[in-house]
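Everything below concerns the one structure shown next.
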Amino acid sequence: MMDLNFSVTLNAPEGELAVIRARGADAGSFLQGQLTQDVLLMKTDEARLAAWCSAKGRMLASFIVLKLSSEEFLLILSRDLLAATLKRLKMFVLRAKCELADITGEISIEGVAGSAARNLTDTMNTIALRADSMPANGSFDTEIVVLLPPVHMNGTSVPRALRIRASAPAVNANREQTQAWCALEIASGIARLSAAVSEAFVPQMLNYESVGGVNFKKGCYPGQEVVARSQFRGTLKRRAYIATSASELQAGQEVFDSREPDQPCGQIAQAAVHPAGGYIAIVSMQISAHDGPALHASSASGALLQLHTLPYELLADV
């Protein structure tokens, strides 16, 4: 069983994360018109979860959005979505005074877990909050710490934080610790979208409205009508759940209900090696399959999945 007290660079050349900077007089209004989050209501040095959707309401990418000032934001996303996301976002800037740039190699993002994260928390004299209100502390000229919701794993509560510094990332990332960080992400019940599942889910299929990643009171953004209709017309048929398996799991794998072996009931959104052995994943699937006798990955006879309780309450559709 791996020690869950560690710090690992997440944006190393072969790391999990990348960073897009949006800067300019219109940076806030531009992002406001693109993301599911109300970035204009965010306070300086505040971080929130957000999705960027297609016109059909399908998530193209997910972000942790960090507001450095009214004219500068950082968008933290999966590295394998960086190129496509940056290219497509730039298409919508048009005449807006907003410069979008990949600054992944200019800053360092560390995932800090366990006692190391607790020490950061104690130093800042603050507490970890829900994902929809992640406090950040410090100055980007030196260091910013974003507190993430703690997770329960291996029988204990594990504090988590992102430490962002204005320096080049480490050349190499510890693979075992990176996998452990991804496992902690998954245990939080908040999926980080990757290329394998881009455009696979409406935000509610990953519970984003239940963890503050969707603001239903803000103005228009791509896919807003679809997202709102899913929420307010009682059409939510899929939700995200945490699952474990003794066998290997991967993002993009289909999930099957043993009662209907001929057609998938869902899909794995994110997966990682579990620090205690086996694999852990976030599964987006039909709500009706939750209470089924058995769930399997890849096929009706594939890896057996065991579901676990989410660490937050699901908001009901209206």
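The values are calculated or read from the model by the stated rules, or taken from the named source; none is laboratory data. Only a predicted model underlies this, so the values are computations on that prediction, with no experimental measurement involved. Positions of Cβ are backbone-derived with ideal geometry, glycine not excepted, and every protein chain shown enters the neighbour counts.
List of remarks:
- Here Pro150 does not fit the description of being assigned by TED's automatic domain parsing to the domain that holds Ile20, in contact with a strand residue (DSSP E or B) (Cβ under 8 Å, 6 or more places away or on another chain) and in a loop (DSSP other than H, G, I, E, B).
- As a summary of the residue check, Thr44 satisfies the conditions (1) over 30 Å from Asn172 (Cα atoms); (2) modelled with pLDDT under 95; (3) surrounded by 17 or more Cβ atoms within 10 Å (Cβ to Cβ) except for the one numbered (3).
- Test result for Ser115, among the hydroxyl-bearing types (Ser, Thr, Tyr), assigned by TED's automatic domain parsing to the domain that holds Glu16, farther than 30 Å from Asn5 by Cα and at pLDDT below 95: no
- Checked against the criterion of being among the basic types (Lys, Arg) and either crowded, with 20+ Cβ neighbours inside 10 Å or in contact with a Phe, Trp or Tyr (Cβ under 8 Å, 6 or more places away or on another chain) (or both), region 204-219 contains not a single residue that satisfies it.
- Options Asp257, Asp262: the member that is more than 25 Å from Gly213 (Cα to Cα), touching a Ser or Thr at 6+ places or on another chain (Cβ under 9 Å) and acidic (Asp, Glu): Asp257
Per-residue answers, yes or no, for (1) closer than 19 Å to Gln204 by Cα; (2) touching a Lys or Arg at 6+ places or on another chain (Cβ under 9 Å); (3) in the same structural domain as Arg23 (by TED's automatic domain parsing):
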position: Lys56; (1), (2), (3): yes, no, yes
position: Lys67; (1), (2), (3): no, yes, yes
position: Asp80; (1), (2), (3): no, no, yes
position: Val93; (1), (2), (3): no, no, yes
position: Asp102; (1), (2), (3): no, yes, yes
position: Ile107; (1), (2), (3): no, yes, yes
position: Gly111; (1), (2), (3): no, yes, yes
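Per-residue answers, yes or no, for (1) assigned to a loop (DSSP other than H, G, I, E, B); (2) in contact with a helix residue (DSSP H, G or I) (Cβ under 6 Å, 6 or more places away or on another chain); (3) within 19 Å of Gly223 (Cβ to Cβ):
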| site | (1), (2), (3) |
| --- | --- |
| Lys43 | yes, no, no |
| Leu66 | no, no, no |
| Leu74 | no, no, no |
| Leu82 | no, no, no |
| Val93 | yes, no, yes |
| Arg118 | no, no, no |
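- Meets criteria (at pLDDT 95 or above, crowded, with 22+ Cβ neighbours inside 10 Å, under 30 Å from Val273 (Cβ atoms) and among the aromatic types (Phe, Trp, Tyr)) for Phe63: yes
- Within region 215-271, the set of residues being assigned to a helix (DSSP H, G or I) and not hydroxyl-bearing (Ser, Thr, Tyr) comprises Gln224, Glu225, Val226, Val227, Ala228, Arg229, Gln231, Phe232.
- Residue count, region 28-58 (criterion: over 24 Å from Leu147 (Cβ atoms) and hydrophobic (A, V, I, L, M, F, W, C)): 3
Rundown of residues vs (1) of a type in the set (Val, Ile, Thr); (2) within 23 Å of Asn215 (Cα to Cα), yes/no style:
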| position | (1), (2) |
| --- | --- |
| Thr9 | yes, no |
| Arg23 | no, yes |
| Leu41 | no, yes |
| Ser62 | no, yes |
| Arg79 | no, no |
| Thr85 | yes, yes |
| Arg88 | no, yes |
| Ile107 | yes, no |
